[in-house]
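Chemist: Shown below is the structure under consideration.
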Amino acid sequence: MRIDILTVLPVLLQGPFSVSIVKRGIKKGLVDLHLHDIRDFSKDKHNKVDDAPFGGAAGMVLAMQPLHDAITHLHSERQYDEVIFLTPDGERLNQGRVNQLSLCGNIMMICGHYKGIDQRLRDHFVTLEISIGDYVLSGGELAAAVLTDAIVRIVPGVIGNEMSALTDSFQDGILAPPVYTRPAEYNGWKVPEVLLSGDHEKIRKWEEEEAIKRTKERRPDLLDR
Ligand code: ADE
(Lines give C-alpha, C1' and ligand atoms only; values in the text may rest on other atoms or scores of the structure.)
Protein backbone atom coordinates (compact mmCIF):
# COMPACT_ATOMS: atom_id res chain seq x y z
CA MET A 1 0.00 0.00 0.00
CA ARG A 2 1.20 3.50 -0.81
CA ILE A 3 0.08 6.61 1.10
CA ASP A 4 0.95 10.12 -0.12
CA ILE A 5 0.25 12.97 2.28
CA LEU A 6 0.10 16.60 1.17
CA THR A 7 0.80 19.04 3.98
CA VAL A 8 2.29 22.45 4.77
CA LEU A 9 3.73 20.96 7.97
CA PRO A 10 5.53 17.68 7.16
CA VAL A 11 7.47 18.00 10.40
CA LEU A 12 4.26 17.37 12.34
CA LEU A 13 3.94 13.93 10.76
CA GLN A 14 7.57 12.79 10.80
CA GLY A 15 7.44 11.94 14.52
CA PRO A 16 4.34 9.70 14.52
CA PHE A 17 5.56 7.81 11.47
CA SER A 18 9.09 7.20 12.72
CA VAL A 19 8.14 4.97 15.66
CA SER A 20 6.11 1.90 16.57
CA ILE A 21 3.62 0.23 14.22
CA VAL A 22 3.79 2.63 11.26
CA LYS A 23 7.58 2.49 11.28
CA ARG A 24 7.37 -1.31 11.34
CA GLY A 25 4.97 -1.36 8.38
CA ILE A 26 7.37 0.82 6.40
CA LYS A 27 10.42 -1.23 7.41
CA LYS A 28 8.72 -4.47 6.39
CA GLY A 29 8.00 -2.92 2.97
CA LEU A 30 4.24 -3.32 3.50
CA VAL A 31 3.59 0.42 3.51
CA ASP A 32 5.18 3.06 1.32
CA LEU A 33 4.61 6.42 2.99
CA HIS A 34 5.47 9.77 1.36
CA LEU A 35 5.16 13.25 2.84
CA HIS A 36 4.94 16.11 0.34
CA ASP A 37 5.46 19.72 1.40
CA ILE A 38 2.84 21.80 -0.45
CA ARG A 39 5.21 24.78 -0.13
CA ASP A 40 7.64 23.04 -2.54
CA PHE A 41 5.01 23.47 -5.27
CA SER A 42 4.46 27.19 -4.71
CA LYS A 43 5.32 29.47 -7.66
CA ASP A 44 5.01 32.57 -5.47
CA LYS A 45 8.33 34.34 -4.98
CA HIS A 46 7.94 34.05 -1.20
CA ASN A 47 6.64 30.46 -1.43
CA LYS A 48 3.30 31.62 -0.05
CA VAL A 49 0.80 28.81 0.63
CA ASP A 50 -2.17 30.77 2.00
CA ASP A 51 -4.57 33.31 0.57
CA ALA A 52 -7.53 35.41 1.76
CA PRO A 53 -11.04 33.98 1.23
CA PHE A 54 -13.45 35.66 -1.18
CA GLY A 55 -16.30 37.36 0.65
CA GLY A 56 -14.16 38.92 3.30
CA ALA A 57 -14.52 36.25 6.00
CA ALA A 58 -11.86 36.13 8.73
CA GLY A 59 -8.93 33.74 8.41
CA MET A 60 -6.98 32.38 5.46
CA VAL A 61 -7.42 29.51 3.00
CA LEU A 62 -4.72 27.23 1.58
CA ALA A 63 -3.70 28.83 -1.71
CA MET A 64 -5.08 27.31 -4.91
CA GLN A 65 -1.96 27.04 -7.11
CA PRO A 66 0.48 25.08 -4.91
CA LEU A 67 -2.13 22.56 -3.74
CA HIS A 68 -3.56 22.09 -7.24
CA ASP A 69 -0.06 21.56 -8.66
CA ALA A 70 0.80 19.09 -5.89
CA ILE A 71 -2.37 17.06 -6.52
CA THR A 72 -1.95 16.99 -10.31
CA HIS A 73 1.73 16.08 -9.95
CA LEU A 74 0.80 13.01 -7.87
CA HIS A 75 -2.08 12.12 -10.23
CA SER A 76 0.35 12.20 -13.18
CA GLU A 77 2.47 9.51 -11.49
CA ARG A 78 -0.17 6.98 -10.43
CA GLN A 79 -3.86 6.32 -9.97
CA TYR A 80 -5.37 6.71 -6.53
CA ASP A 81 -8.12 4.58 -5.03
CA GLU A 82 -9.06 7.48 -2.77
CA VAL A 83 -8.11 11.14 -2.44
CA ILE A 84 -9.00 11.94 1.15
CA PHE A 85 -9.43 15.44 2.57
CA LEU A 86 -9.20 15.56 6.39
CA THR A 87 -11.82 18.01 7.60
CA PRO A 88 -14.17 18.42 10.58
CA ASP A 89 -17.15 18.50 8.17
CA GLY A 90 -16.26 15.11 6.68
CA GLU A 91 -17.69 11.65 7.37
CA ARG A 92 -16.96 10.62 10.96
CA LEU A 93 -14.23 7.96 10.90
CA ASN A 94 -15.05 4.48 12.17
CA GLN A 95 -13.48 1.01 12.06
CA GLY A 96 -15.59 -0.09 9.08
CA ARG A 97 -14.18 2.74 6.95
CA VAL A 98 -10.65 2.00 8.21
CA ASN A 99 -11.02 -1.68 7.24
CA GLN A 100 -12.16 -0.68 3.75
CA LEU A 101 -9.27 1.78 3.29
CA SER A 102 -6.74 -0.84 4.43
CA LEU A 103 -7.55 -2.77 1.22
CA CYS A 104 -6.59 0.16 -1.05
CA GLY A 105 -3.47 0.21 -3.19
CA ASN A 106 -2.81 3.97 -3.33
CA ILE A 107 -4.26 6.64 -1.07
CA MET A 108 -3.67 10.40 -1.22
CA MET A 109 -4.42 12.46 1.89
CA ILE A 110 -4.73 16.24 1.88
CA CYS A 111 -4.24 18.11 5.13
CA GLY A 112 -6.11 21.39 5.32
CA HIS A 113 -4.85 24.40 7.20
CA TYR A 114 -6.18 27.79 8.18
CA LYS A 115 -9.88 27.86 7.14
CA GLY A 116 -9.46 24.89 4.80
CA ILE A 117 -8.99 24.45 1.05
CA ASP A 118 -10.80 25.96 -1.94
CA GLN A 119 -14.15 24.21 -2.49
CA ARG A 120 -13.32 23.66 -6.20
CA LEU A 121 -10.41 21.37 -5.24
CA ARG A 122 -12.80 19.41 -3.03
CA ASP A 123 -15.33 19.19 -5.87
CA HIS A 124 -12.86 18.12 -8.55
CA PHE A 125 -10.27 15.94 -6.81
CA VAL A 126 -11.41 14.76 -3.38
CA THR A 127 -13.20 11.40 -3.35
CA LEU A 128 -13.67 11.07 0.41
CA GLU A 129 -13.81 13.59 3.27
CA ILE A 130 -12.98 12.30 6.73
CA SER A 131 -13.38 13.80 10.21
CA ILE A 132 -11.79 12.12 13.21
CA GLY A 133 -14.32 13.64 15.62
CA ASP A 134 -16.55 16.57 16.44
CA TYR A 135 -13.86 19.05 17.42
CA VAL A 136 -11.57 21.31 15.43
CA LEU A 137 -7.81 20.74 15.12
CA SER A 138 -5.38 23.39 13.92
CA GLY A 139 -4.85 21.43 10.73
CA GLY A 140 -5.46 18.07 9.08
CA GLU A 141 -2.02 16.64 9.97
CA LEU A 142 -2.92 15.03 13.28
CA ALA A 143 -6.08 13.64 11.71
CA ALA A 144 -3.98 12.21 8.85
CA ALA A 145 -1.65 10.66 11.44
CA VAL A 146 -4.64 9.07 13.22
CA LEU A 147 -6.10 7.75 9.97
CA THR A 148 -2.75 6.44 8.73
CA ASP A 149 -2.04 4.67 12.03
CA ALA A 150 -5.49 3.06 12.06
CA ILE A 151 -5.07 1.85 8.47
CA VAL A 152 -1.46 0.67 8.68
CA ARG A 153 -1.90 -1.39 11.83
CA ILE A 154 -4.42 -3.67 10.14
CA VAL A 155 -2.52 -4.13 6.87
CA PRO A 156 -1.82 -7.89 6.93
CA GLY A 157 1.67 -8.62 8.25
CA VAL A 158 2.25 -5.28 9.99
CA ILE A 159 1.23 -6.50 13.43
CA GLY A 160 3.03 -9.74 14.25
CA ASN A 161 0.15 -11.48 15.97
CA GLU A 162 -2.68 -11.32 13.42
CA MET A 163 -5.25 -12.12 16.10
CA SER A 164 -4.36 -8.98 17.97
CA ALA A 165 -5.84 -6.58 15.39
CA LEU A 166 -8.89 -8.79 14.84
CA THR A 167 -9.84 -8.75 18.52
CA ASP A 168 -9.66 -4.94 18.87
CA SER A 169 -12.59 -2.92 20.11
CA PHE A 170 -14.99 -2.18 17.19
CA GLN A 171 -13.60 -4.96 14.98
CA ASP A 172 -16.76 -7.04 15.57
CA GLY A 173 -18.96 -4.02 16.23
CA ILE A 174 -18.56 -4.01 20.02
CA LEU A 175 -15.95 -2.91 22.56
CA ALA A 176 -13.14 -5.25 23.64
CA PRO A 177 -13.32 -7.04 27.02
CA PRO A 178 -10.99 -6.03 29.89
CA VAL A 179 -7.49 -7.56 29.88
CA TYR A 180 -5.23 -8.65 32.74
CA THR A 181 -1.60 -9.68 32.99
CA ARG A 182 0.69 -11.19 35.62
CA PRO A 183 0.83 -11.44 38.55
CA ALA A 184 -2.52 -13.12 39.33
CA GLU A 185 -2.63 -11.07 42.53
CA TYR A 186 -1.04 -7.63 42.86
CA ASN A 187 -1.44 -5.27 45.75
CA GLY A 188 -4.35 -7.45 46.93
CA TRP A 189 -6.18 -7.02 43.57
CA LYS A 190 -7.12 -10.34 41.99
CA VAL A 191 -7.45 -11.35 38.36
CA PRO A 192 -10.92 -12.85 37.62
CA GLU A 193 -10.76 -16.57 38.56
CA VAL A 194 -12.03 -17.78 35.18
CA LEU A 195 -8.94 -16.42 33.39
CA LEU A 196 -6.73 -18.74 35.49
CA SER A 197 -8.93 -21.80 34.88
CA GLY A 198 -7.26 -22.94 31.65
CA ASP A 199 -10.74 -23.70 30.26
CA HIS A 200 -10.57 -21.92 26.88
CA GLU A 201 -14.26 -22.28 26.08
CA LYS A 202 -15.24 -20.82 29.45
CA ILE A 203 -12.73 -17.97 29.01
CA ARG A 204 -14.02 -17.15 25.52
CA LYS A 205 -17.59 -17.05 26.86
CA TRP A 206 -16.57 -14.81 29.78
CA GLU A 207 -14.77 -12.44 27.41
CA GLU A 208 -17.80 -12.26 25.17
CA GLU A 209 -20.11 -11.50 28.10
CA GLU A 210 -17.74 -8.83 29.45
CA ALA A 211 -17.45 -7.24 25.99
CA ILE A 212 -21.23 -7.02 25.68
CA LYS A 213 -21.60 -5.74 29.26
CA ARG A 214 -18.99 -3.04 28.65
CA THR A 215 -20.61 -2.05 25.34
CA LYS A 216 -24.07 -1.82 27.01
CA GLU A 217 -22.64 0.42 29.73
CA ARG A 218 -20.41 2.65 27.63
CA ARG A 219 -21.64 2.59 24.04
CA PRO A 220 -25.22 1.28 23.85
CA ASP A 221 -25.46 2.99 20.44
CA LEU A 222 -23.14 0.30 19.04
CA LEU A 223 -25.60 -2.47 20.01
CA ASP A 224 -28.50 -0.61 18.39
CA ARG A 225 -26.78 -0.70 15.01
N1 ADE B 1 -9.02 19.18 10.58
C2 ADE B 1 -9.36 19.97 11.61
N3 ADE B 1 -10.12 19.34 12.49
C4 ADE B 1 -10.30 18.06 11.99
C5 ADE B 1 -11.03 16.93 12.43
N6 ADE B 1 -11.74 16.92 13.57
N7 ADE B 1 -10.98 15.81 11.68
C8 ADE B 1 -10.29 15.81 10.53
N9 ADE B 1 -9.59 16.85 10.06
C10 ADE B 1 -9.60 17.99 10.78
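The values are calculated or read from the model by the stated rules, or taken from the named source; none is laboratory data. Since this is a predicted model, take the numbers as computed values, not measurements. FYI the Cβ positions are ideal-geometry reconstructions off the backbone, even for glycines, and counts take in every protein chain you see. We work out accessible area using only protein heavy atoms, side chains counted, and drop any ligands, DNA or RNA first. Shrake-Rupley method; radii C 1.70, N 1.55, O 1.52, S 1.80 Å.
Chemist: Would you mind getting the accessible area per residue of segment 2-152, heavy atoms of the protein chains only, 1.4 Å probe, in Å²? Can you show the working numbers first?
Modeler: Numbers: 7590 Å² over 151 residues.
Per residue, segment 2-152 has 50 Å² of solvent-accessible surface.
Chemist: How large is Rg/Rh for segment 53-97, to two decimals, with Cα atoms and a Kirkwood Rh?
Modeler: So for segment 53-97, dividing Rg by the Kirkwood Rh gives 1.07.
Chemist: Quickly work out the Arg214-to-Ser138 label distance, labels modelled 7 Å from Cα along the C-beta direction, and quote it in nm with one decimal.
Modeler: 3.4
Chemist: Amide H to amide H under 5 Å from Asp50: which residues, 5+ apart in sequence or cross-chain, H placed 1.01 Å off N in plane?
Modeler: HN-HN under 5 Å from Asp50: Ala63.
Chemist: I need the phi-derived Karplus couplings for segment 25-41: 6.51 cos²θ - 1.76 cosθ + 1.60, θ = phi - 60°, integer Hz, Gly and Pro marked x.
Modeler: Here the 3J(HN,Hα) series is x, 5, 4, 6, x, 8, 9, 10, 10, 10, 9, 10, 7, 4, 4, 5, 9 Hz.
Chemist: Continuing with the same structure: Could you compute the net charge surrounding Ala63? Neighbours are other residues with a C-beta less than 14 Å from the C-beta of Ala63; K and R count +1, D and E count -1.
Modeler: Net charge in that neighbourhood comes out at -1.
Chemist: Something else about it: Mind listing the long-range amide H neighbours of Leu175? Cut-off is under 5 Å, sequence gap 5 or more, other chains count too, H placed in the peptide plane at 1.01 Å from N.
Modeler: For Leu175, the qualifying residues are Phe170, Thr215.
Chemist: Something else about it: Restricting to lysine pairs 8 or more places apart or on different chains, what number in the chain have Cα atoms under 19 Å apart?
Modeler: Taking the chain as the scope, the lysine pair count is 5.
Chemist: Got a sec? What order do Ser197, Ser102, Ser20 fall in by accessible area at 1.4 Å, biggest, i.e. largest, first?
Modeler: Listed by decreasing accessible area, they come as Ser20, Ser197, Ser102.
Chemist: Roll a 1.4 Å probe over the protein chains and send me the accessible area per residue for segment 169-224 in Å².
Modeler: 79
Chemist: Determine the dipole magnitude for segment 62-160: charges of +1 sit on the beta-carbon of Lys and Arg, -1 on that of Asp and Glu, nothing else is charged, the reference point is the Cα centre, and the result goes in debye to the nearest 20.
Modeler: Working: 7 positive and 12 negative charges, 25 e Å.
So the dipole magnitude of segment 62-160 works out to roughly 120 debye.
Chemist: Quick one: what are the phi-derived ³J(HN,Hα) couplings along segment 88-97, Karplus 6.51/-1.76/1.60 with θ = phi - 60°, whole Hz, x for glycine and proline?
Modeler: x, 9, x, 5, 5, 5, 9, 4, x, 5
Chemist: Out of all DSSP beta bridges in the chain, what portion is antiparallel? Express it as a percent rounded to 5.
Modeler: For the chain, the DSSP antiparallel bridge percentage is about 20.
Chemist: Rg and Dmax in Å for segment 2-152, alpha carbons only: what are they?
Modeler: 14.9, 49
Chemist: To continue, here is another question. Ignoring any ligand, DNA or RNA, what whole percent of the accessible area of the chain comes from carbon and sulfur when the probe is 1.4 angstrom?
Modeler: Ligands and nucleic acids excluded, carbon and sulfur give 53 percent.
Chemist: Give me, ordered by chain and number, the residues 5 or more places off Lys115 or on other chains with an amide H under 5 Å from its own placed amide H.
Modeler: Met60, Val61, Leu62
Chemist: Between Lys115 and Arg225, what is the label-point separation in nm under the 7 Å Cα-to-beta-carbon projection?
Modeler: About 3.4 nm separates the two model spin labels.
Chemist: Let me ask another. So which chymotrypsin sites (Phe, Trp or Tyr not before Pro) in segment 131-220 pass both tests, a DSSP loop state and at most 14 other Cβ atoms within 10 Å of the Cβ?
Modeler: Passing both the DSSP loop test and the Cβ count: Tyr135, Tyr180.
Chemist: For segment 130-136, what does the Karplus curve 6.51 cos²θ - 1.76 cosθ + 1.60, with θ = phi - 60°, yield as ³J(HN,Hα) per residue in whole Hz, taken in order and with x for Gly and Pro?
Modeler: 10, 10, 9, x, 7, 7, 10
Chemist: A further question follows. For Lys205 and Phe54 in the same chain, what is the full-extension length gain: residue separation times 0.36 nm, less their Cα-Cα distance, in nm?
Modeler: Residue separation times 0.36 nm, minus the Cα-Cα distance, leaves 48.4 nm.
Chemist: As I understand it, the value is the acute angle between the Cα axis of helix 64-77 and the longest principal axis of the Cα atoms of the chain; what does it come to in degrees, rounded to 10?
Modeler: Between the helix axis and the principal axis of the chain, the angle is about 70 degrees.
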